[in-house]
1. Return the pair list, or none, for Cβ contacts closer than 7 Å from residues in segment 187-214 that are among the β-branched types (Val, Ile, Thr) and modelled with pLDDT of 95 or more to residues that are in a helix (DSSP H, G or I) and more than 11 Å from the ligand (Cβ to nearest atom), at least 6 apart or on different chains.
2. So how many residues does segment 55-99 have that are of a type outside the set (Gly, Ala, Ser), touching a helix residue (DSSP H, G or I) at 6+ places or on another chain (Cβ under 7 Å) and not in a helix (DSSP H, G or I)?
3. Any residue in segment 154-168 that is under 12 Å from PHE193 (Cα atoms) sitting within a Cβ distance under 6 Å of a residue that is part of a helix (DSSP H, G or I) and modelled with pLDDT of 95 or more? List the pairs, counting only those 6 or more apart or interchain.
4. Could you list, in sequence order, all residues of segment 224-264 that are over 11 Å from the mean Cα position of the chain (by Cα) and farther than 20 Å from ASP205 by Cβ?
5. Among the listed residues LEU85, LEU130, LEU125, LEU116, which satisfies the condition of being surrounded by 19 or more Cβ atoms within 10 Å (Cβ to Cβ), over 28 Å from LEU240 (Cβ atoms) and not hydroxyl-bearing (Ser, Thr, Tyr)?
6. Counting only residues that are exposed (fewer than 13 other Cβ atoms within 10 Å of the Cβ) and of a type in the set (Ser, Thr, Tyr), which one in segment 242-276 is nearest to LEU86 (Cα to Cα)?
Amino acid sequence: MDAEKKVMAVVGVFRDVTQERAEEQQRAEFISTASHEMRTPVAAIEGYLALALNERVAKIDSKARDFLEKAHESTQHLGKLFQDLLTSARAEDGRLVNHPQLVEIGSFLEQMTESLRFAAEKKKLLMEFLVGSNGPASTATGDKVIRPLYYVSVDPDRLREVITNLFDNAVKYTESGKISIGLTGDDKVVQFFVRDTGAGIPPEDVSHLFQKFYRVDSSATRSIGGTGLGLFISRKIIELSKGRIWVESELEKGSTFYINLPRLSSQKAEALKTTEAQVTTPLVT
Ligand code: ADP
């Protein structure tokens, strides 16, 4: 191929890539606008169904209640699907709102464990918070284990979304046993995990799990509702904070979803604390 032809071929490849990106952007924009618009009527339907099911507001017979409960559940699922579609479209075109700030992961996870405990116990699952090399966060005498402070820079709302999603999955795919939220780390990395004693994931599915819309197709999981977007969104969020998310799982034994985030040195954390305090404290003149 002579030089001119080579240049033309390279230009052609660039055009293809640019066009592909533009089309992808258009697709993401369409999904984002459509799901945003559809959330409002779905929320209205959900609200009216909840009113119809409220005994203090409406009188309905048991057959109607049964139908309306099913409709209510499906509407909730639809609402979640639109919300997840919106978030994943935003994650893809870089418009996901992300305001990183200084977060001490130890106390963050401890608080989250407490707020999620109720949902686990409702399904008769134990809930625990582990620190260090799998030790419990408090001793038999009730004393708290002293742990290092693990500072990271992350958007707390986004991280809450990820942990809640991993926890919801753990509850959904576990029939008995326990859910553990754990934390460890070294100088450079903070590592935390959500572990369950549930169904586990077939080895051939593990590498696809964080892809969009991927759901394991087994008789055990088919009957459980889901959008297949939660782990995709979680991966996008963790990548925004320069972290990594992965899973280790054994069928019928359970799964552990790990997250690594870069750990901030205590000097950097102190410096950030000062800057954040200056930003949030109004100037007195
Ligand atoms: P979904 O809304 O389907 O739960 P996710 O993206 O959160 O979507 O998860 C994708 C799939 O990964 C699920 O459909 C399920 O098959 C599998 N999965 C996720 N978490 C677990 C878990 N803790 N135990 C077993 N399977 C899981």
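The values are calculated or read from the model by the stated rules, or taken from the named source; none is laboratory data. All values derive from a computational prediction rather than experimental measurement. All Cβ positions, glycine included, derive from the backbone under ideal geometry; neighbour counts span all protein chains shown.
1. Close Cβ pairs satisfying both conditions: VAL190/ILE105; VAL194/ILE163.
2. Residues in segment 55-99 being of a type outside the set (Gly, Ala, Ser), touching a helix residue (DSSP H, G or I) at 6+ places or on another chain (Cβ under 7 Å) and not in a helix (DSSP H, G or I): 5 in total.
3. The qualifying pairs are VAL162/SER234; VAL162/ILE237; ILE163/MET112; PHE167/LEU116.
4. Scanning segment 224-264 gives GLU239, LEU240, SER241, LYS242, GLY243, ASN260, LEU261, PRO262, ARG263, LEU264.
5. LEU125
6. It comes out as THR275.
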